[in-house]
Structure formats: C-alpha cells, structure tokens
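The values are calculated or read from the model by the stated rules, or taken from the named source; none is laboratory data. Just so we're clear, the structure is a prediction, and the values are computed from it rather than from any experiment. FYI the Cβ positions are ideal-geometry reconstructions off the backbone, even for glycines, and counts take in every protein chain you see. The protein model used for the area step is the full one, side chains on, heavy atoms only, and it has no ligands, DNA or RNA in it. Shrake-Rupley method; radii C 1.70, N 1.55, O 1.52, S 1.80 Å.
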Amino acid sequence: MRQFLDFEKSVAELETKIDELRQMGSQGKDSGTSGINIDDEIARLSEKADKQLRSTYAKLTPLQKVQVARHAQRPKALDYVRLLTTDYTPLAGDRAFGDDNAMIGGLARFRGEPVVVVGTERGHDTETRLKHNFGMARPEGYRKAQRLIEMAGRFGLPVLSFIDTAGAWPGIDAEARGQAQAIAKSIDVCLKAPVPLIVTVIGEGGSGGAIAIGAGDRILMLEHSIYSVISPEAAASILWRDPKLAPAAAEALKLTAQDLQSLGVIDRIIPEPLGGAQRAPEEAVKAVGNAIADELVSLQGLTGPALIQKRRDKFLSMTRAPLH
C-alpha cells in the first residue's frame, strides 16, 4: 500500500476515494451493471489529485523535502544496483574485522561496461532495516568501501556510489574500532582514486557517513533528496534545545538539492517523477541511470592523474568560494 506523508493528506483523501470507486466499478462490471458514471468520476478525481500533487510538490519546504528523502518506499541502493546493473557480484568484508551489511558493494556491469558499485543500504522493512543497520555503517563498512575503490583503481574500473544514510553508526563499538579514522581514510581513498567516480545521493545524505563515499568527480542528487552535515532535528536540539524548531534548522542548513547546486556543492539535479521517486521507482532509477551514463561519457579520455587533480581542485574550490 502507498504510504502518504503528513503534507499529502489532501491527495491521500482523493486517491482513497478513487480506489473505492474503482473497487465499486469492478464489482459493478462483475454483476453486469454499468460503470460509465463511475469511470467519469474516477477520471475527474484523478485529474484533481494530479493537480493537487503537482501543486503540493512545487512548493515543498526544506523540512518536507527531508520527509520525502526519508520516505520508506523510495528505491534504495540495492534497488539501483538491481535495476541498473547486470552480473552484480557482491564482495564482503574489510579483511580486518568483518562484514558490514550497511555498506554494500561489488563488481557489476553498467550498460555492458564493468564497474565497481558501493552504497549505503537502508532496507525496506523491519527485517531488512535491522539487517542493514538502517544504512548506518561501522568502520568495517567504510574499510570495505576503501578496499573496493582501491581495487577499482588497480583494474581501471569506474566507481558508482549511491548514498542514502542518516550518518555513520554512532555506537561505542564503532568508536572503539576507529570510526572517525575509517571515514577520513575513505574520503582520502575517494580523492585519490585514478578512475571516474560518480556519486548519487538517492535519499538522505547525512554527515561524514555520506561524504565518506561522496568525494567524487561528479556529485548528483535526486530532486527531493537531501545532503547535510547534520539532521534538522539534531541541529535544532543542539542550537536551540528544541527539536520542534527543526523547520528553521532545515531552512538554515541549505540541505536541498536546489540549495546545494546553487552553492556549487553538487553538479547535477536529477528530476523525480511527480510526487517523488517512491511513486514511480523504476522511472526514477532509469533517470539516475541516464544521468550516470552522461557523466561517465564526459569523463572519458581523462587520465588517472588528470582525474585526481580535477577532483582535488573541485573540492578545494568549495572552500574558497565566497559565501552567498
């Protein structure tokens, strides 16, 4: 069943009514009665629902974008791997401690070409969310990503990175195993990779847990995804001791794709289907695939040293640009 967000209440009411009418129409046809009037009403309500949905999504606030980015039915990293690649062979472990299901990755073919994929996987339901620790990786997860990206460099394979995490796992166990060092090392490995590295924020990009696999040649974001150093709720709690001020924090953080593109932090916004990627997952995944393919073509012909230098200059320029 489709899950509706708080601000989609008016759309939810219309679509619930449409579903009821369709059920009535189906029962009427089974009994031999005419469904012409019902069909007309369904068409009228469908048009009204589309207009309402378009109007709602045209004026989303930053906090509403946060809600969309976290929507449980948005396609997750493994969905992108499944739909965009073939011959996916997952690789496990960091060769030091163990495997981390929050960080997925392996070898695959993207449109016929060999690539390495890495990504944070949140899971779709209670069972898979627990399995993947809600997409919050521990040190062994980031060390696995390092291993895969370094392997991609040795074999000359482009890296596709998919970000969807609230942040790195903040537990004592992770800190004891060197969480901060693992994240810093992952950023360093990304910056030094002698191959194209395309990053796509598909949902929530949170703090160091996201940037650990986000220092790429091209940074793409889905239209309603977010990318921030901290969540609005946590920022409001720290700054004002009041999580109810999350809307103000979301506004101040400039965490939307549109804000980040204007600031030069990301390179490209990928349009989502009307109502968000959760309404048409395959359409959203296809759009991401087309954008990745375009960016890979733009990086063709660049040598390893040239890629590394351009990537270095890209991130240094963010620190030197005047504030708006």
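Please determine whether any residue of the stretch 47-65 is farther than 17 Å from residue 166 by Cα and touching a Lys or Arg at 6+ places or on another chain (Cβ under 8 Å).
From the stretch 47-65, those farther than 17 Å from residue 166 by Cα are 47-61; that's our starting set.
Subsequent filtering for residues that are touching a Lys or Arg at 6+ places or on another chain (Cβ under 8 Å) retains none.
No.
Each residue in the stretch 86-124 was checked for being within 22 Å of residue 187 (Cβ to Cβ), among the small types (Gly, Ala, Ser), touching an Asp or Glu at 6+ places or on another chain (Cβ under 9 Å) and not in a loop (DSSP other than H, G, I, E, B), and 1 of them qualify. For the criterion of being of a type in the set (D, E, K, R) and buried (at least 21 other Cβ atoms within 10 Å of the Cβ), residue 140 passes. Applying a threshold of 6 Å to beta carbon distances and a minimum spacing of six or more residues, or different chains, the list of pairs starting in the stretch 237-256 at a residue that is under 16 Å from residue 225 (Cα atoms) and ending at one that is of a type in the set (D, E, K, R) and surrounded by 15 or more Cβ atoms within 10 Å (Cβ to Cβ) reads 256/65. For the stretch 103-112, a residue qualifies if it is within 14 Å of residue 293 (Cα to Cα) and either crowded, with 19+ Cβ neighbours inside 10 Å or out of contact with any helix residue (DSSP H, G or I) (no Cβ under 8 Å at 6 or more places or on another chain) (or both), and the qualifying residues are 109, 110, 112.
Considering 14, 83, 53, 60, which residue is among the aliphatic types (A, V, I, L, M), in contact with a helix residue (DSSP H, G or I) (Cβ under 8 Å, 6 or more places away or on another chain) and part of a loop (DSSP other than H, G, I, E, B)? Walk me through how you get there before you give the answer.
Working: 14 fails: part of a loop (DSSP other than H, G, I, E, B); 83 fails: part of a loop (DSSP other than H, G, I, E, B); 53 fails: part of a loop (DSSP other than H, G, I, E, B).
Going through 14, 83, 53, 60 in turn, just one is among the aliphatic types (A, V, I, L, M), in contact with a helix residue (DSSP H, G or I) (Cβ under 8 Å, 6 or more places away or on another chain) and part of a loop (DSSP other than H, G, I, E, B): 60.
Within the stretch 197-206, identify whether any single residue is in contact (Cβ under 8 Å) with a residue 24 or more places away in the chain, of a type outside the set (Gly, Ala, Ser) and surrounded by fewer than 24 Cβ atoms within 10 Å (Cβ to Cβ), and answer yes or no. No, the stretch 197-206 contains no residue that is in contact (Cβ under 8 Å) with a residue 24 or more places away in the chain, of a type outside the set (Gly, Ala, Ser) and surrounded by fewer than 24 Cβ atoms within 10 Å (Cβ to Cβ). Only one of the numbered conditions (1) open to solvent by 10 Å² or more (accessible area, probe 1.4 Å); (2) in a helix (DSSP H, G or I); (3) among the hydrophobic types (A, V, I, L, M, F, W, C); (4) over 18 Å from residue 71 (Cα atoms) is not met by residue 145, and that is (1).
Output the residues belonging to the stretch 125-142 that are part of a helix (DSSP H, G or I), among the charged types (D, E, K, R) and farther than 15 Å from residue 95 by Cβ. Don't jump to the end; show me each part of the working.
To start, the set of residues in the stretch 125-142 that are part of a helix (DSSP H, G or I) comprises 126-131, 133-135, 139-142.
From what is left, the residues that are among the charged types (D, E, K, R) are 127, 129, 131, 140.
Scanning the stretch 125-142 gives 127, 129, 131.
Taken over the stretch 234-282, residues that are over 19 Å from the mean Cα position of the chain (by Cα) and surrounded by 15 or more Cβ atoms within 10 Å (Cβ to Cβ) amount to 11.
Only a single item in (1) closer than 12 Å to residue 218 by Cβ; (2) part of a helix (DSSP H, G or I) is not met by residue 260, and it is number (1). Contact annotation: residue pairs with Cβ atoms under 6 Å, 6 or more positions apart or on different chains, pairing a residue in the stretch 300-324 that is among the hydrophobic types (A, V, I, L, M, F, W, C) with a partner that is at pLDDT below 95, are 321/264.
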